[in-house]
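Here the structure comes first, spelled out in structure tokens, and everything after it is commentary.
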Amino acid sequence: MLALLLAGTGICAYGQIVETYTTNVNEAIPDGNASGLSSVLSISSSITNLASVKVTLNVAGQFNGDLYCYLRHVGSDGTNFCILLNRVGRSATNSSGYADSGMDVLFDDTSTNDIHTYQTVTIPASGNPLTGTWQPDGRAVDPDQVLDTSPRTTSLSSFTGTDASGQWTLYVADLATGGTNMLAGWGLELNGIGPPVSLGGTVAYYTNYPASGLSSVRVGSVTMNVTGDTNVSVLTASDGAFGLSNITAGGTYCVTPSKSDDGSAANGVNGTDLVLVQRHILALAPLDSPYKLIAADVNGSGDVNGTDLVLIQRLILAYTNSFPAGLWRFVPADYVFPDPQNPWDAPSSVWTTNLVTDAISQNFVAIKLGDVNDSWTPPGGGQPLALKRADTQAVGPGVVFRLGGQSAMTGQRVAVPVSVSQFRGVDNAQFTLEWDPRVLRYVGTEGYGLRGMSADSFGTTQTEEGRLAFLWYDPEAVGVTVPDGTKIFAVDFEVIGRAGSGTAVTLGDTPTLREVGVDFKEAAFAEQSGEVSVVEPVVLRIGPVVSPGRAFQMSLPTESGRQYMLEYTDSLSRPGWMPLQAVEGDGTVKVLTDPAAPSRQRFYRVRVQ
């Protein structure tokens, strides 16, 4: 018999190999003739160790007490037999046996009633056959001498422990004249175990649906939980393969994959996924695969909605390292979705019942939750994620992210701007801004220059280590274009480093990878780093102050690399300092001027950076 493979999520049952064989004979049993009638079943069985045998017998006849019948098995373990009928009803007071008309019965050692004396239990109606389940007669004595009191020395247990393959012969004879009988048919129910079998398959990452075969991207380190007659867990290898050998044949086994450790929880999950989910929610471009829909439903609600967007964003920004529904879903590779747009009830396990041959194609499709564009890559295999960045791979100009630089004194606050160029049709961007936390202390962000950007676009869990995660996606999911040089935001810092120190302000990949999306695909990413230098406090040596006409002028020595700005206010009680011209220092004396000083009182100060 072939093993039956079923996909399902229910609890697995246990069992042995059960094989059933039947044959229709429909031949007359010679009347009053000990030569009788033999019927043979030649069986090639998966059972190498029988646990039990049951026999069905259907005789259409006129006098059951005439019948003698046995079952014999000749196999690799020798010959065994059991007396099924021996002149039923024959006793010291009834030498002819029962006169009932035929029988359609099941012989089973576990029955409580001896068929030789069946009339003590039931008497068939006139002309009707005996039915029910009975113990074999078992009396291996001369049919002309047998009585109800004769010892019962054979039973169906004589076949226990043997190999079921071989010749099974049913012999039946009508040993008295005067009533005719016919063997309509008979059968065997064999129960036992066979030689060990193997169970295995492959786990591959999802691709389009329906797929023509398994994806070439295989998923390793998946825990394959096998329950049933064997309870064990094995890991898939780097090629996604798993296998178990020496499994007891005839059992039922459930295979359920699970996976939690993926190195980076955000592997394959990025801003492009957010935009694609947003486009699905807005009905701009519905997700076209049941696998993608499953990937988008990260909270396991059976729907794709705004909550999924928020959870994906939190994962990318490193606020969490999992989803309410976990990180992975698995679907049997051969599962056919009844409704591809409603995939939520897809099974997550495969179960095999009455396994008698190797089942080595129990394959699964793996789905990383949050990854709706099929971008997950095996950790340690293929191209490392950091090298996937388009600025090292893509051809042509990329979207440029430029960080500003400046100098400041200890205790001052600085705002490092982030501006962009070639920002055309961009639908998402993400990166990690990095600095030396011994020099700068993170304060906050400001000056948001893209629609949908807010404080929620930033992940602040690692700012004490000098890393700020950033993720933005277009809430309208159509793409944004801004002029070159547009500042999209600024990061505020407090300068805590000592004079003479400094730090580069750069873009990195931990915890959030550098990526930018254009037209809903990953695009080239380019960057220009910034720098903050910590300078000595400035001691101004102001020269003569003059006011020729309506102008105000002051001179002062300058240093190269510093900027000097004259500011004024008309009231010290409520100062609102207004900047005037800025002068770049070059080591010479410069003149700062207010060309329109009023005749009334005005206050001035100089800002040095």
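Some notes on this structure:
- When only Cα pairs below 8 angstrom with a gap of at least 6 residues are kept, the chain shows a relative contact order of 13 percent.
- In a simple Cβ point-charge model (Lys, Arg +1; Asp, Glu -1; nothing else charged), region 411-464 has a dipole of about 160 debye relative to its Cα centre.
- Candidate residues Ser96, Ser101: accessible-area rank, largest first, probe 1.4 Å: Ser96, Ser101
- The residue among Thr377, Val534, Ile29 whose Cα reaches farthest toward the positive pole of the charge dipole of the chain, with charges on the beta-carbon of Lys, Arg, Asp and Glu, is Val534.
- Solvent-accessible surface of protein heavy atoms, probed at 1.4 angstrom with all chains present, puts Val219, Val400 in the order Val400, Val219, largest first.
- Anchor Lys259: lysines whose Cα lies under 19 Å away (excluding residues fewer than 8 positions away in-chain): Lys292, Lys368
- For a straight C-alpha distance cut-off of 27 angstrom, the lysines reachable from Lys487 (same-chain residues fewer than eight places away being disregarded) are Lys388, Lys521.
- Positive-pole candidate from Asn208, Ser155, Leu468, dipole of the chain, charges at beta carbon: Leu468
- Trp577 - accessible surface, heavy atoms, 1.4 Å probe, Å² rounded to 10: 70
- Nitroxide proxy distance, nm - points 7 Å out along Cα→Cβ at Thr120 and Thr22: 3.2
- Ranking Leu580, Gly517, Pro483 by Cα position along the charge dipole of region 451-582, where only Lys, Arg, Asp and Glu carry charges on their C-beta atoms, puts Leu580 farthest toward the positive end.
- Under a model in which nothing but the beta-carbon of Lys, Arg (+1) and Asp, Glu (-1) is charged, region 98-158 shows a dipole of about 80 debye around its Cα centre.
- Distance between the 7 Å Cα→Cβ label points at Glu465 and Asp570: 5.4 nm.
- Basic side chains Lys and Arg get +1 at the Cβ, acidic Asp and Glu get -1 at the Cβ, and with that the dipole of the chain about its Cα centre reaches some 3080 debye.
- Residue ranking by accessible heavy-atom surface, 1.4 Å probe, largest first, among Arg602, Arg152 comes out as Arg152, Arg602.
- For the chain, leaving out every one of the GluC sites (Glu not before Pro) that falls in a DSSP loop and has at most 15 other Cβ atoms within 10 Å, the longest unbroken run is 1-475.
- When peptides 326-335, 177-186 are sorted by average Cβ neighbour count within 10 Å, with the highest value leading, the order is 326-335, 177-186.
- Accessible area per residue for region 194-322 is 38 Å², calculated with a 1.4 Å probe on protein heavy atoms, without ligands, DNA or RNA.
- Three principal axis extents of the chain based on alpha-carbon atoms, in descending order, are 152, 46, 42 Å.
- Shown for region 29-128: the carbon plus sulfur share of the solvent-accessible area, taken with all protein chains present and a 1.4 angstrom probe, equals 45%.
- Only protein heavy atoms count here; on that basis, with a 1.4 Å probe, Asp144 has an accessible area of about 90 Å².
- Tyr564 accessible area, assembled protein chains, probe 1.4 Å, Å²: 10
- Stokes-Einstein diffusion for region 167-267 at 10 °C, viscosity 1.306 mPa s, with a Kirkwood radius from C-alpha pairs, works out to 87 µm²/s.
- Judged by the mean number of other Cβ atoms found within 10 Å, the most tightly packed of the peptides 373-379, 162-168 leads the ranking 162-168, 373-379.
The values are calculated or read from the model by the stated rules, or taken from the named source; none is laboratory data. What you see is a predicted model, and the numbers here were worked out from it, not measured in a lab. With ideal geometry, Cβ positions are generated from the backbone for all residues, glycine too; neighbour counts draw on all protein chains shown. Keep in mind that these areas ignore ligands, DNA and RNA; they rest on the heavy atoms of the full protein, side chains included. Shrake-Rupley method; radii C 1.70, N 1.55, O 1.52, S 1.80 Å.
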